[in-house]
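Colleague: First the structure, then my questions, so here it is.
The values are calculated or read from the model by the stated rules, or taken from the named source; none is laboratory data. Since the model is a prediction, treat every value here as computed from it, not as a measurement. As a convention, Cβ positions derive from the backbone with ideal geometry for all residues, glycine included, and neighbour counts pool all protein chains shown. Heads up: the accessible areas ignore ligands, DNA and RNA and are worked out on the full protein's heavy atoms, side chains in. Shrake-Rupley method; radii C 1.70, N 1.55, O 1.52, S 1.80 Å.
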Amino acid sequence: MPDDPEDDDALLDDALLDEGAVVALAELLGRSRRVVFFTGAGVSTESGLPDFRSSEGIWTRYDPRRLTFEQYVASADVRALHWRMRREFFALGARPNAAHLAVAAMETAGRSLGVITQNVDGLHTDAGSLTVVEIHGTARRITCLGVAPHDGVATGCGWSAGIEWAFERLDAGGADPHCPVCGGLVKSATISFGQALDADALARADALLAAADAVVVVGSSLQVYPAAGLPARAAARGVPCAILNREPTPLDDDVDVVVLGSAAVLLPRAVRTALTGV
Ligand code: NAD
């Protein structure tokens with residue numbers, strides 16, 4: 001397990017908030033053999049990446065109404081804003097925190113089928129998770145959207161590259177890089193507001209959840225649909241579910257365990273107890 005983050009007094013206060021619920025989460029993890037994690041931006045805030053909706057969140061600095069798929073396609077200014085956001089994101093140099101490592105530890109121990117994440121930061125993979133379904137794509141790559149994408153659907157030629165490709169073009173003075181194969185627009189391989197989800201990723205997420213004997217949501221406001229519908233449908237089918245988040249979510253009344261607090265403090269504690277009994 002990672003360094004103990006409980007050295008931090010602020011995090012320790014947080015951890016003490018909800019001791020009984022952490023025990024309940026540990027028990028749920030302890031009796032399950034096919035846990036599926038469902039994570040959101042909150043699992044990465046303790047790696048230094050802001051989430052969307054918190055007081056320090058990305059939406060306090062960028063107007064989400066300007067960052068839809070249609071606006072991206074229509075406006076070179078919006079594309080410039082997108083690349084600026086991406087640069088800021090990677091300049092943070094985020095590394096996995098104790099929550100990402102705890103998710104990976106469950107899979108390594110043969111007790112988790114994997115993680116479905118809304119995050120685009122790649123930190124679950126960096127932490128050692130092998131089965132990672134990125135339902136909102138990845139910011140580490142870029143992809144061709146095609147010359148005239150419309151109705152939220154990319155019509156690209158299939159060309160893709162690492163995000164560095166775009167940064168190199170921008171550094172060389174190309175303000176609005178285009179696909180080197182077909183001349184189409186390029187964008188990070190993430191799902192923007194108003195953009196259709198990748199059907200293959202959704203199918204893999206559904207398959208994982210269909211096989212799960214427990215679902216644990218970590219760090220998601222569960223307000224972004226259709227992604228938030230995935231744990232909601234598992235709970236409706238009667239799959240035991242838990243939510244670990246800093247604030248209440250709309251699904252809290254429908255799950256078995258709700259833990260309010262820090263993912264990087266409380267999840268490692270629950271996983272350690274589930275795996276070692278200590
Ligand atoms: P969100 O911003 O809507 O919600 C995040 C939730 O996490 C909030 O309810 C917040 O209270 C909670 N939270 C924050 N820090 C926490 C912590 N340390 N421990 C426990 N809970 C914590 O994020 P979302 O539900 O993932 O949905 C918004 C969209 O934001 C997603 O589609 C995601 O792709 C995108 N996003 C991703 C990243 C990333 O990749 N790191 C960052 C920002 C936004």
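Colleague: On the Cα set of region 65-127, report Rg and Dmax in Å, please.
Modeller: For region 65-127, the Cα radius of gyration and maximum Cα-Cα distance read 16.3, 48 Å.
Colleague: I'd like to compare 208-214, 268-274, 114-120: which one has the highest average count of other Cβ atoms within 10 Å, and what's the full order after that?
Modeller: Averaged packing, sorted descending, gives the order 114-120, 268-274, 208-214.
Colleague: Cα axis of helix 76-91 to longest principal axis of the chain: angle in degrees, 0 to 90, nearest 10?
Modeller: It works out to around 40 degrees.
Colleague: Related question: Going by Cβ distance under 4.7 Å, what cysteines of the chain have no possible disulfide partner?
Modeller: CYS241
Colleague: Let me ask something else. Let me have the 222 nm mean residue ellipticity of the chain computed from DSSP H runs of 4+ only, each contributing -39500 (n - 2.57), with the sum over all residues rounded to the nearest 500.
Modeller: So the calculated ellipticity at 222 nm is -10500 deg cm²/dmol.
Colleague: Using a 1.4 Å probe over the heavy atoms of the protein chains, calculate the carbon and sulfur portion of the accessible area of the chain as a whole percent.
Modeller: Answer for the chain is 53 percent, counting heavy atoms of protein chains only.
Colleague: Something else about it: Given a 1.4 Å probe, how much area per residue of region 115-175 is accessible, in Å²?
Modeller: 42
Colleague: If r is the Cβ-Cβ distance from LEU197 to ARG31 and R0 is 25 Å, what FRET efficiency results, to the nearest 0.05?
Modeller: 0.20
Colleague: Working from Cα positions, state the angle (0 to 90°, nearest 10) between the long axis of helix 19-30 and the longest principal axis of the chain.
Modeller: 80
Colleague: Gain in length, ALA76 to CYS182, computed as 0.36 nm per residue apart minus the alpha-carbon separation, to one decimal in nm?
Modeller: 36.4 nm
Colleague: List the residues, sorted by chain then number, that are 5 or more residues from VAL216 or on another chain and whose placed amide H is less than 5 Å from its amide H.
Modeller: VAL36, PHE37, PHE38, ALA242
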